[in-house]
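For reference, the structure discussed in these notes is given below.
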Amino acid sequence: WLFELIGTMALRSLVQAFSLVRVQPARLLSTPSMFAVVDVKGHQFKVAPGDQIVTEKVEAGIGTQIDLEQVLLVGSATETIVGQPSIAGAVVKATVEQQTKSGKVFVFKKQRRKNYRRFRGHRQEVSVLRVDDIIHT
């Protein structure tokens, strides 16, 4: 009932005038300090340290640390480096957390009036990677 009585704009000016609520600016601490765009098996991912990505199967054992060397872009709060097409010397280190299959994709084919119906399912093998570090020299 307070909003109806005073109005939204008047309430905001009252709050700012009496400093009842302190509005803090957005912190940069919640955003990662560094990010990169990597190409893994033909798919591009924007990653930061601690991120988890699901990509096509990578031939490595669970717990193995792999190097993703196809880094297309590296950025931070102060600078951004764009590769043409990739950045020489930049590496994203990731750990294989899981080797699994994706959700089932159903394929249904039909030709009407010909009694032709085919129903197939497919599950793609995928790897779950955890990004450990972004190294740029």
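The values are calculated or read from the model by the stated rules, or taken from the named source; none is laboratory data. Everything quoted here is computed from the prediction, not taken from an experiment. Every residue, glycine among them, receives a Cβ derived from its backbone with ideal geometry; neighbour counts consider all protein chains shown. These accessible areas exclude ligands, DNA and RNA; they are computed on the full protein's heavy atoms, side chains included. Shrake-Rupley method; radii C 1.70, N 1.55, O 1.52, S 1.80 Å.
Among the candidates ALA88, ALA48, the residue that is out of contact with any Cys (no Cβ under 9 Å at 6 or more places or on another chain), open to solvent by less than 40 Å² (accessible area, probe 1.4 Å) and of a type in the set (Gly, Ala, Ser) is uniquely ALA48.
Every test in (1) open to solvent by less than 100 Å² (accessible area, probe 1.4 Å); (2) more than 18 Å from ALA36 (Cα to Cα) is passed by ARG120 save one, and that test is (1). The set of residues in the range 100-137 that are over 19 Å from ALA48 (Cβ atoms) and not in a strand (DSSP E or B) comprises SER102, GLY103, LYS104, ARG112, ARG113, LYS114, ASN115, ARG123, GLN124.
Residue-level analysis places ARG117 among those that are in contact with a Phe, Trp or Tyr (Cβ under 8 Å, 6 or more places away or on another chain) and more than 19 Å from HIS43 (Cα to Cα).
Return the only residue of GLU97, GLU59 being of a type outside the set (A, V, I, L, M), in a loop (DSSP other than H, G, I, E, B) and within 29 Å of ARG123 (Cβ to Cβ). One residue alone meets the criteria, GLU59.
Pairs are defined by a Cβ separation below 8 Å, a sequence spacing of at least 6 or placement on different chains, a first member in the range 83-112 that is over 30 Å from THR137 (Cβ atoms) and free of Cβ contacts under 8 Å to residues at least 24 places away in the same chain, and a second member that is part of a loop (DSSP other than H, G, I, E, B) and not small (Gly, Ala, Ser); the pairs so defined are GLY103/ARG123; LYS104/ARG123; VAL105/ARG123; VAL105/GLN124.
Checking the structure you have, find out if any residue of the range 99-108 is touching a strand residue (DSSP E or B) at 6+ places or on another chain (Cβ under 9 Å) and modelled with pLDDT under 90. No.
A quick yes/no check of all residues on (1) touching an Asp or Glu at 6+ places or on another chain (Cβ under 7 Å); (2) more than 18 Å from GLY42 (Cα to Cα); (3) of a type in the set (A, V, I, L, M):
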site	(1), (2), (3)
SER86	no, no, no
VAL92	no, no, yes
VAL107	no, yes, yes
ARG112	no, yes, no
VAL126	yes, no, yes
THR137	no, yes, no
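For the range 62-85, the set of residues classified as open to solvent by less than 60 Å² (accessible area, probe 1.4 Å) and in a strand (DSSP E or B) consists of ILE66, LEU68, VAL71, LEU72, LEU73, VAL74, GLY75, SER76, ILE81, listed by residue number.
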